[in-house]
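Note sheet for the following structure.
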Amino acid sequence: MTPGLIACKAPRPPEGSVREAATLFAAVCARCHGPTGHADVPESRAVGAKDLTREEVRRMSDAALAHQIRVGGGRMPGFGDVLGDREIAALVGYLRTLIPAFQGSKDTRRFSGK
Ligand code: HEC
């Protein structure tokens with residue numbers, strides 16, 4: 001496992017954090033990436049936000065995902081000012097649940113706030 005920026009604090013967020021992250025994702029990320037991360041809302045096209053369930057995202061390390069959230073990248077702004085390390089770690093864990101290869105679709109639905 002690659003030692004990442006967050007590895008020492010929360011290598012594997014407990015389920016509680018993932019649930020909390022679902023709320024954060026809906027509040028902060030869904031605007032651009034859509035409620036399920038598929039980048040299927042009008043704003044997604046407007047800003048060029050990407051589908052977070054793609055293979056490319058699956059292959060990103062936890063540290064790279066945390067960096068993208070904290071600092072931003074490309075046309076995505078960083079959220080390091082508004083999100084703490086623990087929240088960012090929880091969001092990384094949550095992103096994994098959006099990707100079918102990691103979790104069954106049942107879990108994706110469970111975490112999507114329905
Ligand atoms: C203002 C719109 C906006 C918001 C809000 C936003 N993003 Fe993004 N996101 C983008 C854009 C645009 C990109 C593509 C960046 C680029 O040009 O490579 C992106 C890319 C990403 C990527 C990299 C995907 C890839 O394939 O390289 C991840 C991961 C990501 N966002 C996660 C998040 C998370 C988690 C949140 C909530 C904390 C969030 N984003 C909030 C616009 C946004």
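Values computed for the structure shown
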read-out: Extended-chain gain in nm, criterion 0.36 nm per residue less alpha-carbon gap, ARG75 and ARG31; value: 14.4 nm
read-out: Sorted largest first, extent of the stretch 15-111 alpha carbons per principal axis (Å); value: 31, 28, 24
read-out: Listed peptides 17-24, 44-51 by packing density, highest first (mean Cβ within 10 Å); value: 17-24, 44-51
read-out: Distance in nm between pseudo-label sites at HIS38 and ARG58 (7 Å out along the Cβ direction from Cα); value: 1.7 nm
read-out: Peptides 92-98, 37-43 ordered by average Cβ neighbours within 10 Å, highest first; value: 92-98, 37-43
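The numbers here are math on the coordinates, done by the rules we state, and not lab data. In this text, all values refer to a predicted model and were calculated from it rather than measured experimentally. Quick reminder, even Gly has a Cβ in these numbers, built from the backbone with ideal geometry, and neighbours come from all protein chains shown.
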